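Data block below; observations after.
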Amino acid sequence: MSGQLDGLLTDSAMVRLRAVLEDRPDALLSLTAPDLTVLWAATRGAEGLYERGPAEFEGASTREFVHPDDLGRWEAAVEHALSGAATGFQGRAMHRDGRWVSVRSYLWPTRHRDAVVSITVVDGDGD
């Protein structure tokens, strides 16, 4: 877990949350800081969609994985979520082997004391 999440959830809450999320077969769930850095990723769904384990996303910028032609729309979706509204994104993300895969992402703002502190992102197969 990233130190950036310290204080947002108790250790036991983080353990329970990760246990619930880790085994989701359908999507990668990640918490993304406002600067687009992945704070933590959970679920083995990332291995099916991207052939990357969750640890490979942690600490990386989501900009590294979004197709350059889709980056503007991705950043607009993130900005929309940072404003406090849930939103969606359809685009391409980089697979471990370098090819682009179609993904559908849903973004939800995560609040702490009335401020958006991160964005929860759920990725799934976009086809």
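Taking the criterion of being in contact with a Lys or Arg (Cβ under 8 Å, 6 or more places away or on another chain) and either in a loop (DSSP other than H, G, I, E, B) or modelled with pLDDT of 70 or more (or both), the residues of the range 13-39 that qualify are D23, R24, P25, L36. Mind listing whichever residues of the range 58-89 are under 14 Å from the mean Cα position of the chain (by Cα) and of a type in the set (S, T, N, Q)? Within the range 58-89, S61, T62, T87 meet the criteria.
Among strands (runs of 3 or more DSSP E) entirely within the range 47-127, having at least 3 residues that are touching a residue at least 40 places away in the same chain (Cβ under 8 Å) singles out 100-112, 115-125.
The values are calculated or read from the model by the stated rules, or taken from the named source; none is laboratory data. The shown structure was predicted, so the numbers you read here are calculated from the model rather than taken from an experiment. Positions of Cβ are generated from backbone atoms using ideal geometry, with glycine treated the same way; all protein chains shown enter the neighbour counts.
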